[in-house]
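The values are calculated or read from the model by the stated rules, or taken from the named source; none is laboratory data. Being a predicted model, the structure only gives us computed values, none of them experimental. Here the Cβ is made from the backbone with ideal geometry for all residues, glycine too, and neighbour counts use every protein chain on show. Surface accessibility is based on the protein's heavy atoms, side chains included, excluding ligands, DNA and RNA. Shrake-Rupley method; radii C 1.70, N 1.55, O 1.52, S 1.80 Å.
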Amino acid sequence: MLRNDEVRGPAAEGFEKVRASIADALRRGRAAGAVPAAVDPDRGARVVMGLLHGFPLQRVAFGLTDTTGFADDLRAGLIL
């Protein structure tokens with residue numbers, strides 16, 4: 001958790017804007033049949049946010065470059 005209130009407020013606000021945007025995209029995807037109906041848009045958005053933070057870290061820290069394989073595995077995991 002960010003300890004600096006001057007940084008935490010804007011960071012949380014920015015995070016929430018991105019999360020809400022992703023949730024809206026998942027809702028549109030469900031309506032279009034591209035996202036499984038079982039995916040809750042708000043919870044799915046939290047998962048996507050975790051991936052957005054985690055995948056770049058893996059690439060930088062461990063040199064992982066298989067973006068196609070990652071996307072395929074992610075897609076398979078969401079369908080389960």
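From zero up to wherever the largest Cα-Cα distance of the chain sits, split into 10 Å bins and tell me the percent of pairs in each.
16, 38, 32, 13, 0
When the Karplus curve 6.51 cos²θ - 1.76 cosθ + 1.60 is applied with θ = phi - 60°, which whole-Hz ³J(HN,Hα) does each residue of the stretch 48-53 get, with x for Gly and Pro?
4, 4, x, 5, 4, 7
Apply 1/(1 + (r/R0)^6) to the Cβ-Cβ distance of residue 32 and residue 7, taking R0 = 35 Å, and write down the FRET efficiency to the nearest 0.05.
Taking R0 as 35 Å, the efficiency between residue 32 and residue 7 is 0.40.
Ignoring ligands, DNA and RNA, what percent of the 1.4 Å accessible area of the chain is carbon and sulfur?
C and S fraction of accessible area: 60 percent.
Treat every Asp and Glu Cβ in the chain as -1 and every Lys and Arg Cβ as +1, leave all other atoms uncharged, and give the resulting dipole magnitude about the Cα centre to the nearest 20 debye.
In total the dipole reaches around 140 debye.
Considering only protein heavy atoms, what per residue accessible area in square angstrom results for the stretch 1-43 with a 1.4 angstrom probe?
Ligands and nucleic acids excluded, the result is 77 Å² per residue.
For Cα pairs less than 8 Å apart in space and 6+ apart in sequence, what is the mean separation divided by the residue count of the chain, i.e. the relative contact order in percent?
Averaging sequence separation for qualifying contacts and normalising by length gives 25 percent for the chain.
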